[in-house]
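Step one of this worksheet: look at the structure below.
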Amino acid sequence: MPSEPKPNSRAVEQEVREKIHLEILKRTGAYLTNDHFLLPSGHHAPEYIEKSLVTTEPTFTEGLGAVIAKHFAPWPIDVVLATGLGALILADSVARAHPSHPTLIYATKGMVGPRRRVSLPREFQRFITKGTKVLIIVSLVTRDFPTYLPQDCPLCRQGVPLNRQFTRGREE
């Protein structure tokens, strides 16, 4: 009697993580859908993630920080570097939970022409020198969903009003 094929454990683990991830986004109100969003990039999308809302659940953020710290525990870390506000809150949890007791610093995000740039404030540059072991926390959440250039947007063609709530002064 042939045995049933075993599911790919990595694929199952990824699917479970994705379901948990989506439930956390929904529970915190960070996952917005059924709208026509103008993204900071200028693209349009039917979904949006307000990343700052994810950190409104401290136990989730602390638990995630502990998981990340445990994953990187075998390696000594001198600095945990956050690259945004949501990432800073998570990076704090990682730094507190990591056995190396690393220093926590942050970088700032900005636009240089049409591209986003991350830069290290002058006061933190002394913490990162040759040989410094840095763990970079880039983003608290990521999720793939369809995005469109304005001229290709099906929601624009349907006449759905554009939600500019999350674009901080950016015009189409």
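When only residues in the range 27-50 that are assigned to a loop (DSSP other than H, G, I, E, B) and within 16 Å of the chain's Cα centre (by Cα) count, which is surrounded by the most Cβ atoms within 10 Å (Cβ to Cβ)? Can you show your working first?
At the first step, the residues of the range 27-50 found to be assigned to a loop (DSSP other than H, G, I, E, B) are 28-30, 39-43, 50.
Now restrict to residues that are within 16 Å of the chain's Cα centre (by Cα): 28-30, 39-41, 50.
On the way: Thr28: 18, Gly29: 11, Ala30: 22, Leu39: 15, Pro40: 13, Ser41: 13, Glu50: 16.
Filtering the range 27-50 for residues that are assigned to a loop (DSSP other than H, G, I, E, B) and within 16 Å of the chain's Cα centre (by Cα), the one surrounded by the most Cβ atoms within 10 Å (Cβ to Cβ) comes out as Ala30.
So, in the range 82-118, of the ones that are within 15 Å of the chain's Cα centre (by Cα) and in a loop (DSSP other than H, G, I, E, B), which residue ends up farthest from Gly63 (Cα to Cα)?
The selected residue is Ala107.
Enumerate the pairs (first residue in the range 71-91 and free of Cβ contacts under 8 Å to residues at least 40 places away in the same chain and farther than 11 Å from Ser52 by Cα; second residue anywhere and of a type outside the set (D, E, K, R) and surrounded by 14 or more Cβ atoms within 10 Å (Cβ to Cβ)) with beta-carbon separation below 9 Å, excluding pairs fewer than 6 apart on the same chain, so at least 6 apart or on different chains.
Correct list of pairs: Ala73/Ala97; Ala73/His98; Ala73/Ser100.
How many residues are assigned to a loop (DSSP other than H, G, I, E, B) and in contact (Cβ under 8 Å) with a residue 60 or more places away in the chain when one looks only at the range 119-139?
Residues that pass the stated criteria total 1.
Count, please, the residues in the range 145-172 that happen to be of a type outside the set (Val, Ile, Thr), on the phi < 0 side of the Ramachandran plot and at pLDDT below 75.
Number of matching residues: 3.
For Leu25, all conditions in the list (1) touching a residue at least 12 places away in the same chain (Cβ under 8 Å); (2) over 28 Å from Pro154 (Cβ atoms) hold save one; what is the number of the exception?
The one condition Leu25 does not meet is (2).
For (1) surrounded by 10 or more Cβ atoms within 10 Å (Cβ to Cβ); (2) under 12 Å from Val80 (Cα atoms), each residue gets a yes or a no:
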residue	(1), (2)
His98	yes, yes
Pro102	yes, yes
Tyr106	yes, yes
Pro114	no, no
Thr129	no, no
Thr132	yes, yes
Leu135	yes, yes
Pro154	yes, no
Gly159	no, no
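I'd like the full set of residues that are buried (at least 17 other Cβ atoms within 10 Å of the Cβ), aliphatic (A, V, I, L, M) and more than 14 Å from the chain's Cα centre (by Cα), limited to the range 51-80.
Of everything in the range 51-80, those that are buried (at least 17 other Cβ atoms within 10 Å of the Cβ), aliphatic (A, V, I, L, M) and more than 14 Å from the chain's Cα centre (by Cα) turn out to be Ala69, Ile77, Val79, Val80.
The values are calculated or read from the model by the stated rules, or taken from the named source; none is laboratory data. Everything quoted here is computed from the prediction, not taken from an experiment. In this analysis, Cβ positions are derived from the backbone assuming ideal geometry, glycine residues included, and neighbour counts consider all displayed protein chains.
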